[in-house]
Amino acid sequence: MNRATLTLLALLLICALSLVAAQQSARKLFIAQERAQIEERRLNQDWLRLEYEQRNLSKSARIRDVARNQLRMSPISPERTLYLKETK
């Protein structure tokens with residue numbers, strides 16, 4: 001074999017190895033993208049669940065029940081209301 005053939009063979013091997021390395025890199029990036037998309041879907045589901053819980057916890061009936069039962073608050077009544085007059 002002459003020198004030109006050996007050079008072309010070496011170039012061919014280098015190109016083949018770089019092609020294999022590029023394909024492996026592309027596979028790793030694709031797998032990372034898929035994992036990121038799965039994580040994104042999971043986080044979106046968590047976000048929707050938390051929004052739903054927030055809406056339920058902020059309903060006025062729930063607030064009223066917590067105020068009465070846990071905080072032992074009672075509704076205002078005219079006999080318990082104090083009116084203050086401003087003195088000048």
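Nothing in this text is a laboratory measurement; each read-out follows from the coordinates by a stated rule. Quick caveat: nothing in here was measured; it's all calculated off a predicted structure.
Structure notes:
- Average silhouette area of segment 9-88, convex hull of alpha-carbon atoms, in square nanometres: 13.4 nm²
- Here is how the number arises for the chain: DSSP H runs of 4 or more residues each give -39500 (n - 2.57), the sum is divided by the residue count, and the result at 222 nm is -27000 deg cm²/dmol.
- Per residue, the convex hull spanned by the alpha carbons of segment 12-56 comes to 29 Å³.
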